[in-house]
Structures are given as C-alpha cells and as structure tokens.
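J.: To start, I am sharing the structure in question, which I have written as structure tokens.
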Amino acid sequence: MAERMLKFTAVPRRTPQKRAVAERERDFHEIFAEFIDAKASEQASRCSQCGVPFCQTHCPLHNNIPDWLRMTAEGRLEEAYQLAQATNSMPEVCGRICPQDRLCEGNCVIEQSGHGTVTIGAVEKYLTDKAWEMGWVRPLVPGRDRGQSVGIIGAGPAGLAAAERLREAGYAVTVYDRHDRPGGLMIYGIPGFKLEKPVVERRTRRLAEGGIGFELSFEVGRDATLPQLRERHDAVLIACGVYKARDLICPGAGSDGVVAALDYLTAANRMGLGDAVPAFDSGGLDAAGKDVVVIGGGDTAMDCVRTAVRQGARSVTCLYRRDRANMPGSAREVEHAEEEGVVFEWLAAPRAILGEADGVSGVRAARMRLGPPDVTGRQSPVEVEGGDFELPAQLVIKAVGFDPEDTPTLFGEPALGVSRWGTVKANLRTMMTNLEGVFAAGDIVRGAALVVWAIRDGRDAADAIDTWLRAKLDAPALIAAE
Ligand SMILES: Cc1cc2nc3c(=O)[nH]c(=O)nc-3n(C[C@H](O)[C@H](O)[C@H](O)COP(=O)(O)OP(=O)(O)OC[C@H]3O[C@@H](n4cnc5c(N)ncnc54)[C@H](O)[C@@H]3O)c2cc1C
Ligand code: SF4
C-alpha cells in the first residue's frame with residue numbers, strides 16, 4: 001500500500017483544469033473540467049493514510065475518505081465509488097459544491113504540514129461522475145412494502161436524501177414541493193457554473209423511477225395544511241428550507257432596482273432551464289450593461305456577483321462590512337470572482353441607495369473598521385467617520401442572508417414548535433418536532449447552512465422515522481398510551 005500512497009512530497013497538488021476566464025465568463029457551465037483517470041489516481045495517491053483522519057471527522061457525513069482515496073490510487077474505481085456512496089446520497093454534488101476548504105480539505109494533515117491538501121472533493125466528483133458514465137449507479141430498489149407512508153415537505157437535498165432511504169426501507173414516499181421541479185436550492189438557487197442542472201436532474205429522475213412520488217407545484221399551506229398531510233401519511237418530514245430574505249435597512253432600500261438575491265438567481269437559473277421569465281425579459285432581473293452592486297459576503301453574494309459577470313454587467317462590485325478574513329463565504333469562491341473581474345469593497349456598508357423615481361443610480365457606502373469582539377467572539381464592524389464613498393449602480397442586489405418563514409402560520413398548524421429565530425425545533429436524537437409523527441431536517445432546523453448538512457440531516461431523519469414507524473407498527477398501544 002505504502003508504495004502507491006503517501007506521494008505528497010513527490011507529487012504536487014493539482015486541481016482539475018480550470019477553464020480560462022475569457023471562456024467561462026461567457027456561459028453558465030461549470031468552471032472545472034473533469035480529472036482524467038490518471039490524474040485522479042495520481043492525486044489520490046498523495047493521501048498520507050492518517051491513523052486518525054481529520055478529513056473524515058470534519059466531513060459532516062464522515063465519509064470514509066482515506067479508504068476511497070486508496071482504492072482510487074489503486075485503480076479500484078468501482079469499489080471506491082461504492083464506498084463513497086455508502087455514506088453520501090449525492091457525492092457528485094458535494095464534490096462540486098462543498099466548501100472543502102472549511103471542511104475535509106481544510107483539515108487534511110498534509111495541508112497542515114504545508115504540502116497542499118489532497119483534492120478530496122475533486123476525486124469524489126470524479127468517482128461519481130465515472131460511476132454514472134459506467135452504469136455503476138444502481139437503480140433505486142424499494143424495500144419490502146411496509147404498508148406505511150411518509151409525506152415529505154420539500155424536495156431539496158434534505159427531503160431527497162430522506163426520501164431515498166425511506167423508499168429503500170419499504171415505505172411509500174410522497175415528496176411535496178411548491179416549485180415545478182425537484183432539487184430545492186440545488187436547482188433554483190445555486191448557479192450552473194457551480195452545479196450544472198443535469199447533475200441534479202439525473203438524481204431526482206432515479207428517485208422517481210424508484211417509485212418516489214413527487215407532487216410538484218404543491219404548496220403546503222395553500223394546497224393542503226400540515227394537519228391534512230398528517231392525516232394522509234403515517235409520518236411527515238418538514239424539509240422546506242429557509243426563504244425569507246433579510247432586508248437592507250437604509251434609505252432607498254425599497255427603490256426600483258433593488259432586488260432580492262434569490263429572486264435574481266432564480267430568474268437566472270430559470271432562463272438557463274429554458275423557462276419564460278417576464279421579470280428578466282423586462283430588464284429588472286437582468287444585469288446586462290449595468291453597474292451592479294451586490295451587498296453581502298456569503299455564498300449567495302458570490303453567486304450573484306459571478307452571475308452578473310456572465311450576464312454582461314458593465315461593472316460588478318461586492319460590498320461587505322467585515323474584511324476578507326471574516327467573510328462567511330468560501331475563500332475559493334472569492335478567488336474565482338476576483339479572477340472574473342469582480343471588485344471587492346471590504347469593510348464597507350451601505351448607508352443609502354441613491355436614485356430618482358425612475359430607478360437606482362448608485363450606492364453611498366460607509367467605510368468600516370473592525371472593533372472589539374462581541375459576545376459571540378466576532379469583531380463587530382464600526383463606522384469610520386468621514387469615510388463615505390459612492391459607487392454607481394443601476395442594479396443593487398441584497399444578499400444579506402435568509403430567515404425561516406413563519407412556518408406554523410404558513411402550514412396551518414399554530415402548535416408547531418419553533419425557536420426564537422423561527423427555525424422548527426426538532427429533538428436532536430429523534431429529529432421529531434413537538435408534534436407526534438412530524439419530523440424536521442435541513443435548513444429549516446439549522447438555519448441557512450450547506451447541502452452536505454442537509455443530506456446528513458435527511459439521512460438521519462429517515463433513520464429516525466423508520467425507527468419510530470417500526471415501533472408504532474409493532475406496539476401501537478404502547479405509543480398511544482405515551
Ligand atoms: C444562492 C445560494 C448558494 C448556495 N451555495 C451553496 C454551496 O455552494 N454549497 C453548499 O453546500 N450550500 C450552498 N447553499 C446552501 C444550500 O443550498 C442549502 O443549505 C440547502 O439547499 C438546504 O437544503 P434543504 O433541503 O434544507 O432546503 P432547500 O434546498 O431550500 O429545499 C427546500 C424545498 O422546500 C420547498 N418548500 C418550501 N416551502 C414549501 C411549502 N410551503 N410547500 C411545499 N414546498 C415547500 C422549496 O421549494 C424547496 O424546494 C447555497 C444557498 C443559496 C441560497
Ligand atoms: S461530502 Fe463534502 S466535506 Fe465530505 S468529503 Fe465530500 S467534499 Fe469533503
């Protein structure tokens with residue numbers, strides 16, 4: 001084994017080929033090419049096969065990374081794929097969009113020793129794309145019919161991961177989603193240059209072919225209430241994500257030309273999918289020819305700036321109130337955006353949106369500095385007096401985060417327990433809410449997080465639902481008495 005592995009001193013770290021800026025800024029295709037076979041094996045062989053693999057500990061799914069890297073280095077690709085998919089419902093998605101620099105790769109021991117991390121995400125993507133190409137991804141086979149059904153609200157990664165496991169366990173599963181396509185933010189939020197839509201579509205197709213029912217354009221609260229779904233199913237999983245955009249608080253924030261990030265990104269994604277989008281056609285959600293200012297420093301802001309570049313904006317500036325080191329978005333995404341010509345105004349916060357009745361003309365921003373840490377330990381931005389400056393803008397995109405909607409009211413179930421932030425409260429172990437047989441997973445429990453966490457929660461919720469339903473079937477009297 002040692003012969004094939006531990007090559008990190010001799011073999012430099014290489015990512016798959018990144019497309020040139022001049023080419024990639026003209027389309028919405030992914031920016032990285034695939035590893036060629038030899039490169040994937042070579043890069044996997046850099047792994048030091050640590051006895052205590054920190055990459056695995058810091059992967060929310062605890063993927064068995066060292067073992068599948070070794071199998072890849074040895075050319076045992078199908079086995080490596082089988083191992084990778086045993087803990088991950090969508091390894092090719094995580095391989096593409098996990099912020100690996102903060103998760104597995106950021107904790108790779110050879111990264112810590114200065115040799116550059118093993119390219120774990122790229123190998124995971126390569127293995128699973130290869131598996132699809134070679135027919136190693138097996139159809140979903142439902143387990144023996146258990147005669148019980150589960151309703152899932154939300155076809156995002158949490159709902160889909162749960163649906164797959166529950167169907168494998170033999171339940172009838174129906175997934176309800178208010179959108180017309182399954183996939184959640186993987187379809188309508190995250191742009192194609194990070195995650196091409198066919199990658200998600202082949203996953204959801206496999207689930208539908210395995211007998212999972214999808215009721216699309218079905219909004220819980222409008223087309224059925226939560227109590228009605230509880231009557232229809234033996235258990236219900238809430239996996240509806242968080243969608244209430246936080247607002248800008250400054251004069252002019254409500255002007256024409258100030259748009260919410262998700263409206264902007266959804267329109268761009270729908271255009272890419274070939275849908276008719278009147279708000280894009282009328283120009284309101286199209287950055288072409290405009291000076292664009294995006295406010296925020298998270299992944300959503302990074303997706304907005306890079307989408308604006310691809311739509312042909314005249315200039316794109318990102319305004320963030322803290323500094324580069326303290327931004328919530330992935331450092332790698334900032335690097336990509338800078339390469340694509342985005343200007344970052346660190347330590348800057350909007351003071352006012354400027355303009356006349358016919359639309360926005362600019363943003364006045366205050367210069368900030370980092371003050372002492374607050375109770376959370378994070379340094380708070382403090383205004384620098386006299387540091388104001390102005391930027392031209394005909395389109396301002398607010399990407400300052402999301403909160404949960406008022407789920408109890410929306411779902412017609414005021415008794416549903418929520419936290420003071422509005423997230424649905426679920427028991428950490430059983431994943432059940434305060435309502436018997438109603439479970440919750442993903443962003444609606446954690447707050448806005450990551451796809452990999454949603455997958456983890458969806459898988460855990462499926463196991464918890466299975467345990468609960470088995471107990472219910474085996475001892476109905478016992479449960480009724482509780
Ligand atoms: C722009 C953007 C970029 C991101 N980039 C990344 C990234 O690069 N990497 C990463 O790991 N994460 C990223 N994330 C975060 C990631 O997308 C989410 O954490 C993840 O999708 C959450 O999964 P979920 O299943 O909980 O919810 P969602 O993906 O939000 O899915 C919830 C689903 O529930 C449906 N729904 C909501 N309400 C109802 C209702 N009343 N009735 C029926 N259906 C309903 C919605 O239509 C949606 O399809 C990004 C998020 C955004 C917004
Ligand atoms: S799922 Fe994400 S964190 Fe885990 S190994 Fe894959 S890329 Fe890394």
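The values are calculated or read from the model by the stated rules, or taken from the named source; none is laboratory data. The structure displayed is predicted, hence computed values, not measured ones. Counting neighbours? That spans all protein chains shown, and the Cβs are built from the backbone with ideal geometry, glycine included.
J.: Out of Gly241, Gly183, Gly252, Gly257, report the one residue that is closer than 22 Å to Ala163 by Cα, in contact with a Leu (Cβ under 8 Å, 6 or more places away or on another chain) and in contact (Cβ under 8 Å) with a residue 60 or more places away in the chain.
T.: Working: Gly183 fails: in contact (Cβ under 8 Å) with a residue 60 or more places away in the chain; Gly252 fails: closer than 22 Å to Ala163 by Cα; Gly257 fails: closer than 22 Å to Ala163 by Cα.
After applying the criteria, what remains is Gly241.
J.: Ok, one more. When you go through Glu111, Glu164 one by one, which is the residue that is within 22 Å of Val452 (Cβ to Cβ), charged (D, E, K, R), in contact with a Lys or Arg (Cβ under 9 Å, 6 or more places away or on another chain) and free of Cβ contacts under 8 Å to residues at least 24 places away in the same chain? Break it down into steps so the answer makes sense when it comes.
T.: Working: Glu164 fails: free of Cβ contacts under 8 Å to residues at least 24 places away in the same chain.
After ruling out the rest, the residue left standing is Glu111.
J.: Another question, then. Can you list the helices (runs of 4 or more DSSP H) lying wholly within the range 1-104 that have 1 or more residues being free of Cβ contacts under 8 Å to residues at least 24 places away in the same chain and closer than 20 Å to Gly116 by Cβ?
T.: On the way: elements: 21-24, 37-44, 54-57, 65-73, 77-87, 91-97.
Of the helices (runs of 4 or more DSSP H) lying wholly inside the range 1-104, those with at least 1 residues that are free of Cβ contacts under 8 Å to residues at least 24 places away in the same chain and closer than 20 Å to Gly116 by Cβ span 37-44, 65-73.
J.: Next question, about the same structure. Return yes when Val236 is assigned to a strand (DSSP E or B), among the β-branched types (Val, Ile, Thr) and within 16 Å of ligand 1 (Cβ to nearest atom) and no when it is not.
T.: On the way: assigned to a strand (DSSP E or B): yes; among the β-branched types (Val, Ile, Thr): yes; within 16 Å of ligand 1 (Cβ to nearest atom): yes.
Taking the combined requirement at face value, the residue satisfies it.
J.: Against the conditions (1) closer than 30 Å to Ala325 by Cβ; (2) within 13 Å of ligand 1 (Cβ to nearest atom); (3) touching a Leu at 6+ places or on another chain (Cβ under 9 Å), where does Met90 fall short? Just the number, please.
T.: The one condition Met90 does not meet is (1).
J.: Looking only at the range 417-433, which residues are closer than 16 Å to Ala462 by Cβ, surrounded by 13 or more Cβ atoms within 10 Å (Cβ to Cβ) and more than 22 Å from the chain's Cα centre (by Cα)?
T.: Thr430, Met432, Thr433, listed by residue number.
Yes/no per residue for (1) within 16 Å of ligand 1 (Cβ to nearest atom); (2) at pLDDT below 95; (3) under 27 Å from the mean Cα position of the chain (by Cα):
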| residue | (1), (2), (3) |
| --- | --- |
| Phe28 | yes, no, yes |
| Ala33 | no, yes, yes |
| Ser41 | no, yes, no |
| Val52 | no, yes, no |
| Asp67 | no, no, yes |
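J.: Among the residues of the range 178-185, is there at least one that is in a helix (DSSP H, G or I), within 14 Å of ligand 1 (Cβ to nearest atom) and surrounded by 17 or more Cβ atoms within 10 Å (Cβ to Cβ)?
T.: yes
J.: Going by the conditions given, is Gly121 modelled with pLDDT under 95, within 16 Å of ligand 2 (Cβ to nearest atom) and either in contact with a strand residue (DSSP E or B) (Cβ under 7 Å, 6 or more places away or on another chain) or not in a loop (DSSP other than H, G, I, E, B) (or both)?
T.: no
For (1) modelled with pLDDT of 95 or more; (2) in contact with a helix residue (DSSP H, G or I) (Cβ under 9 Å, 6 or more places away or on another chain); (3) over 30 Å from Pro328 (Cα atoms); (4) more than 16 Å from ligand 2 (Cβ to nearest atom), each residue gets a yes or a no:
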position	(1), (2), (3), (4)
Glu79	yes, yes, yes, yes
Gln85	yes, yes, no, no
Ile110	no, yes, no, no
Val141	yes, yes, yes, yes
Ala155	yes, yes, no, yes
Arg165	yes, yes, yes, yes
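J.: Also: Take the conditions under 20 Å from Phe32 (Cα atoms), among the charged types (D, E, K, R) and more than 16 Å from ligand 1 (Cβ to nearest atom) and apply them to Glu133. Does it pass? Full working, then the answer.
T.: On the way: under 20 Å from Phe32 (Cα atoms): yes; among the charged types (D, E, K, R): yes; more than 16 Å from ligand 1 (Cβ to nearest atom): yes.
Here the answer is yes, as Glu133 does meet what is asked.
J.: Hey, another quick one. Taking the residues in the range 150-174 that are surrounded by fewer than 24 Cβ atoms within 10 Å (Cβ to Cβ) and in a helix (DSSP H, G or I) as candidates, determine which candidate is farthest from ligand 1 (Cβ to nearest atom).
T.: Kept after step one, since they are surrounded by fewer than 24 Cβ atoms within 10 Å (Cβ to Cβ), are these residues of the range 150-174: 164-165, 167-170, 172, 174.
Imposing the further condition that a residue be in a helix (DSSP H, G or I) reduces the set to 164-165, 167-168.
Working: Glu164: 13, Arg165: 14, Arg167: 17, Glu168: 19 Å.
It comes out as Glu168.
J.: If you don't mind, there's one more thing I want to ask. Let me spell it out: the conditions are (1) within 16 Å of ligand 2 (Cβ to nearest atom); (2) hydroxyl-bearing (Ser, Thr, Tyr); (3) more than 21 Å from Glu92 (Cα to Cα), and Thr174 meets all of them except one. Which number is the exception?
T.: Among (1) within 16 Å of ligand 2 (Cβ to nearest atom); (2) hydroxyl-bearing (Ser, Thr, Tyr); (3) more than 21 Å from Glu92 (Cα to Cα), the lone unmet condition for Thr174 is (1).
J.: Just to check your reading of the model, which residue among Leu416, Leu391, Leu473 is touching a residue at least 40 places away in the same chain (Cβ under 8 Å), under 29 Å from Val294 (Cβ atoms) and either more than 16 Å from ligand 1 (Cβ to nearest atom) or part of a loop (DSSP other than H, G, I, E, B) (or both)? Even if it seems obvious, please write down each step before you answer.
T.: Numbers: Leu416 fails: under 29 Å from Val294 (Cβ atoms); Leu473 fails: under 29 Å from Val294 (Cβ atoms).
It is Leu391.
J.: Also, I was wondering about something else. Answer yes if at least one residue in the range 201-219 is within 16 Å of ligand 2 (Cβ to nearest atom), closer than 30 Å to Trp468 by Cα and modelled with pLDDT of 95 or more, and no otherwise.
T.: Yes; the residues of the range 201-219 include at least one that is within 16 Å of ligand 2 (Cβ to nearest atom), closer than 30 Å to Trp468 by Cα and modelled with pLDDT of 95 or more.
J.: Something else: Output the number of the condition that Arg470 fails; it satisfies all remaining conditions of (1) buried (at least 18 other Cβ atoms within 10 Å of the Cβ); (2) over 26 Å from the mean Cα position of the chain (by Cα).
T.: Of the numbered conditions (1) buried (at least 18 other Cβ atoms within 10 Å of the Cβ); (2) over 26 Å from the mean Cα position of the chain (by Cα), the odd one out for Arg470 is (1).
J.: (1) more than 30 Å from Asp474 (Cα to Cα); (2) in a loop (DSSP other than H, G, I, E, B): which one isn't true of Lys130, the others all being true?
T.: Going through the list (1) more than 30 Å from Asp474 (Cα to Cα); (2) in a loop (DSSP other than H, G, I, E, B), Lys130 breaks only (2).
J.: Find all pairs meeting these conditions: Cβ atoms under 7 angstrom apart; at least six residues apart or on different chains; first residue within the range 449-463 and within 13 Å of ligand 2 (Cβ to nearest atom) and at pLDDT 95 or above; second residue of a type in the set (S, T, N, Q) and not in a helix (DSSP H, G or I).
T.: Pairs found: Ile455/Asn88; Ile455/Ser89; Arg459/Ser89.
J.: Continuing with this model, one more query. Could you please let me know if Val242 is in contact with a Gly (Cβ under 9 Å, 6 or more places away or on another chain), within 16 Å of ligand 2 (Cβ to nearest atom) and on the phi < 0 side of the Ramachandran plot?
T.: Details: in contact with a Gly (Cβ under 9 Å, 6 or more places away or on another chain): yes; within 16 Å of ligand 2 (Cβ to nearest atom): no; on the phi < 0 side of the Ramachandran plot: yes.
Considered against the rule, which asks whether it is in contact with a Gly (Cβ under 9 Å, 6 or more places away or on another chain), within 16 Å of ligand 2 (Cβ to nearest atom) and on the phi < 0 side of the Ramachandran plot, Val242 comes out as no.
J.: Could you list all residues from the range 52-73 that are more than 15 Å from ligand 2 (Cβ to nearest atom) and surrounded by fewer than 17 Cβ atoms within 10 Å (Cβ to Cβ)?
T.: First pass over the range 52-73, keeping only residues more than 15 Å from ligand 2 (Cβ to nearest atom): 52, 73.
Within the range 52-73, just Val52 meets the criteria.
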